[in-house]
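One structure is given here, and the rest of the page talks about it.
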């Protein structure tokens with residue numbers, strides 16, 4: 001895995017929903033290396049630990065990072081100005097496996113939606129299911145449509161789109177797809193894995209709290225069991241964040 005820590009120039013910082021911000025950062029050396037499902041580790045002024053942010057999109061010179069303000073570090077990030085330089089370690093982790101000619105269902109829940117955008121751009125007309133608590137947290141719908149995806153929106157409270165959960169839609173459409181890729185909170189991923197088991201292969205991207213982002217600490221350890229292997233505590237930053245759903249012990 002190739003990665004490095006370099007300064008990126010912040011060229012856009014826009015609030016796109018309640019507490020959710022959309023960054024574009026430029027670095028022509030590192031941005032082209034990004035693959036769908038990977039993440040970037042952002043150095044925040046005055047903070048010891050970097051903040052891991054999923055890569056929402058990438059091109060030859062820039063990365064798009066969409067994040068939610070959850071603490072002091074991300075609050076500082078949300079207040080940065082265009083033109084500022086920010087040190088970013090990227091790209092990190094193992095991303096989703098995409099095979100041409102297959103029909104994909106991509107599922108994102110909450111702040112797990114952003115990494116599915118770059119993933120959608122690597123697939124041929126994917127089915128994309130996005131889930132949010134309510135209409136005030138909805139993001140990136142027009143971006144998915146522009147990427148050629150068939151989009152289904154769900155909200156827990158029914159304030160927009162389908163009233164229900166992403167798994168309600170998946171159960172109805174699973175016979176149409178060859179593979180499911182998902183990112184979001186653990187309860188959602190566990191439910192998706194249960195729907196897919198015995199039907200289609202499923203890969204999940206885990207949202208674990210991280211320290212270093214490169215495997216030097218054990219903050220993001222989770223219990224997994226690779227095929228034909230022994231169960232062990234893997235590091236999400238180094239072995240993931242993407243795993244086959246059947247490798248993950250969701251209850252441990």
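None of the figures in this text is laboratory data; all of them are computed from the coordinates on show. For clarity, every value in this text was computed on a predicted model and none was experimentally measured. Positions of Cβ are generated from backbone atoms using ideal geometry, with glycine treated the same way; all protein chains shown enter the neighbour counts.
Can you give me the Kirkwood hydrodynamic radius for the stretch 33-74, using every pair of distinct Cα atoms, in Å to one decimal? That comes to 11.2 Å for the stretch 33-74. Stretched out straight at 0.36 nm per residue, the stretch from residue 172 to residue 197 would grow longer than its current Cα-Cα span by 7.5 nm.
Fully extending the segment from residue 225 to residue 156 would add 21.6 nm, taking 0.36 nm per residue of separation and subtracting the current Cα-Cα distance.
Using a cut-off of under 12 Å, list every residue of the stretch 64-92 whose amide N is near the label point 7 Å from the Cα of residue 5 along the Cα-to-beta-carbon line. Label zone hits: 87-90. In this simple spin-label approximation, residue 59 and residue 135 carry label points 7 Å from Cα along the Cα→Cβ vector, and these lie 3.2 nm apart. The overall shape of the stretch 104-207, judged from the alpha-carbon gyration tensor, is rounded, with an a/c ratio under 1.5. Scoring 58-69, 187-198 by mean Cβ neighbours within 10 Å over their residues and listing the highest first yields 58-69, 187-198.
Cα centroid distance between the stretch 1-73 and the stretch 171-191, in Å? So the separation of the two Cα centres works out to 26 Å.
Across the chain, the relative contact order, built from alpha-carbon pairs under 8 Å that are at least six residues apart, equals 17 percent.
Using only alpha-carbon positions in the chain, the gyration tensor eigenvalues give semi-axes of 27, 22, 17 Å once each is multiplied by 5 and square-rooted (largest first).
Peptide packing: for 93-99, 159-165, the average count of neighbouring Cβ atoms within 10 Å per residue gives the ranking 93-99, 159-165, highest mean first. The modelled label-to-label distance between residue 146 and residue 76, using points 7 Å beyond Cα along the C-beta direction, is 3.1 nm. Per-residue extension of 0.36 nm, minus the Cα-Cα distance of residue 49 and residue 97, leaves a gain of 14.4 nm for this segment. Can you pull the percent of Cα pairs in the stretch 40-180 with separation above 21 Å? Value for the stretch 40-180 (Cα pairs over 21 Å): 49 percent.
Counting only Cα atoms, the stretch 4-92 measures 29, 27, 25 Å along its principal axes, largest extent leading.
The base-10 log of I(q)/I(0) for the stretch 7-58, evaluated at q = 0.17, 0.18, 0.30 Å⁻¹, reads -0.60, -0.68, -1.35 [Debye formula, identical scatterers on Cα atoms, solvent excluded]. In this rough spin-label picture, where each label sits 7 Å from Cα along the Cβ direction, the residue 16-residue 29 distance is 2.8 nm.
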